[in-house]
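The values are calculated or read from the model by the stated rules, or taken from the named source; none is laboratory data. Values in this document were obtained by computation on a predicted structure and should not be read as measured data. Neighbour counts are summed over all protein chains in view; Cβ atoms, including those assigned to glycine, are modelled from backbone coordinates with ideal geometry.
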């Protein structure tokens, strides 16, 4: 996505700013969910490439990950792109899946499936990501359904983000004390 205004809180170190903490966390979370499905565990950071002009705030962070079963994955947080870009690509031995924008579902709700060269396009409901979050919250409150992202998930996400910053020789984001 294009860089926010310098005064934007997303670029303030004291408020845990940086591209990874903003757009990159979605990419990392998607890789965690895929890793849990295909490798029954959390991915690890193998290598990172960062741009942090002030030595603290990442304006770009590319992350190479590895699943417990050895499968490689990539994720990025990027404030240096000319436009918002959040695709998700998954490739396997039988084919691939491409989601043009997995973060903001209402913008491009296609899933492009390619199995052995035979492509098809699935069209998902063009509903805001926030609507899905609100529906999940309402189901948890009204119906007692469990939430998909709990404190254990949040901790695993924070650990992976910290590993990415450590690999990039960038300082960890400040913690909030209650």
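Of the residues making up region 95-107, those that are exposed (fewer than 15 other Cβ atoms within 10 Å of the Cβ) and either touching a strand residue (DSSP E or B) at 6+ places or on another chain (Cβ under 6 Å) or not in a loop (DSSP other than H, G, I, E, B) (or both) are 95, 96, 107. Only residues that are touching a helix residue (DSSP H, G or I) at 6+ places or on another chain (Cβ under 9 Å) and surrounded by 14 or more Cβ atoms within 10 Å (Cβ to Cβ) were counted across region 47-59, and they come to 6. Among the residues that make up region 89-102, is at least one of them touching a helix residue (DSSP H, G or I) at 6+ places or on another chain (Cβ under 8 Å) and not assigned by TED's automatic domain parsing to the domain that holds residue 7? Yes, the conditions are met somewhere in region 89-102.
Specify the residue that is surrounded by the most Cβ atoms within 10 Å (Cβ to Cβ); the eligible residues are those in region 76-87 that are outside any loop (DSSP other than H, G, I, E, B) and in contact (Cβ under 8 Å) with a residue 60 or more places away in the chain.
So the residue we want is 78.
Report whether or not residue 121 is part of a strand (DSSP E or B) and in contact with a helix residue (DSSP H, G or I) (Cβ under 8 Å, 6 or more places away or on another chain).
Values: part of a strand (DSSP E or B): yes; in contact with a helix residue (DSSP H, G or I) (Cβ under 8 Å, 6 or more places away or on another chain): no.
Answer is no for this residue.
Going by the conditions given, is residue 113 modelled with pLDDT of 95 or more and surrounded by 11 or more Cβ atoms within 10 Å (Cβ to Cβ)? The answer is yes for residue 113. Tallying residues that are in a helix (DSSP H, G or I) and within 21 Å of residue 74 (Cα to Cα) within region 2-27 yields 8.
The set of residues in region 28-43 that are in contact with a strand residue (DSSP E or B) (Cβ under 7 Å, 6 or more places away or on another chain), in contact (Cβ under 8 Å) with a residue 60 or more places away in the chain and either outside any loop (DSSP other than H, G, I, E, B) or surrounded by fewer than 16 Cβ atoms within 10 Å (Cβ to Cβ) (or both) comprises 28, 30.
Looking at 158, 136, 73 in this structure, which one is within 22 Å of residue 37 (Cβ to Cβ) and part of a strand (DSSP E or B)? None of the others qualify; the one that does is 73.
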